[in-house]
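The values are calculated or read from the model by the stated rules, or taken from the named source; none is laboratory data. What you are looking at is a predicted structure, and each value in this text was computed from that prediction instead of being measured. In this analysis, Cβ positions are derived from the backbone assuming ideal geometry, glycine residues included, and neighbour counts consider all displayed protein chains.
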Ligand SMILES: [Zn+2]
Ligand SMILES: [Zn+2]
């Protein structure tokens, strides 16, 4: 199955093959700053299944867990297109809001609940982690 998505101004387009290895809400402070919202929601895919066209700008910083995280975004409209980190180089995370049909995805976990804002309701049916669980996808 191929899914597609784009940025707000449509100058960046992507497709991704197959199903995500995990779909998560992240309430960490970096995702709050980046998204401007209470949390970011992303689906993790194998990087080899992801194809993108258009210009991307990249911003790198060091996360809470001292991973180097890269966020790639459209330089014209600022939409985040993917993020990745140097400890899991086979995978990228794509924000659900950029998919043409983001309704197909089912979030399974919420991480960094310790940083959750009071007004940002969390689905209690999910697996909730205070920080980031010690979890790695199978390569
Ligand atoms: Zn754009
Ligand atoms: Zn985060």
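Working only within the stretch 14-25, note down all residues that are buried (at least 22 other Cβ atoms within 10 Å of the Cβ) and either under 10 Å from the mean Cα position of the chain (by Cα) or within 8 Å of ligand 2 (Cβ to nearest atom) (or both).
Once the filter is applied, which keeps residues that are buried (at least 22 other Cβ atoms within 10 Å of the Cβ) and either under 10 Å from the mean Cα position of the chain (by Cα) or within 8 Å of ligand 2 (Cβ to nearest atom) (or both), the stretch 14-25 yields 24, 25.
Can you tell me which residue in the stretch 29-43 is farthest from ligand 2 (Cβ to nearest atom), limited to those that are surrounded by 15 or more Cβ atoms within 10 Å (Cβ to Cβ) and more than 17 Å from residue 92 (Cβ to Cβ)?
Filtering first and then ranking leaves 38.
Filter the stretch 4-13 down to residues that are assigned to a strand (DSSP E or B) and either crowded, with 21+ Cβ neighbours inside 10 Å or modelled with pLDDT under 95 (or both), then give me how many there are.
Total satisfying the criteria: 1.
Scan the stretch 24-31 and give yes if some residue there is more than 22 Å from residue 106 (Cα to Cα) and not in a loop (DSSP other than H, G, I, E, B), otherwise no.
yes
Among the residues of the stretch 36-46, which ones are under 16 Å from residue 59 (Cβ atoms) and touching a strand residue (DSSP E or B) at 6+ places or on another chain (Cβ under 7 Å)?
Passing the criteria: 40, 42.
Consider the stretch 44-72. How many of its residues are in a loop (DSSP other than H, G, I, E, B), loosely packed, with under 14 Cβ neighbours inside 10 Å and within 16 Å of ligand 1 (Cβ to nearest atom)?
Counting residues in the stretch 44-72 that are in a loop (DSSP other than H, G, I, E, B), loosely packed, with under 14 Cβ neighbours inside 10 Å and within 16 Å of ligand 1 (Cβ to nearest atom) gives 1.
Look at residue 92 and say whether it is within 16 Å of the chain's Cα centre (by Cα), part of a strand (DSSP E or B), within 16 Å of ligand 1 (Cβ to nearest atom) and touching a residue at least 12 places away in the same chain (Cβ under 8 Å).
no
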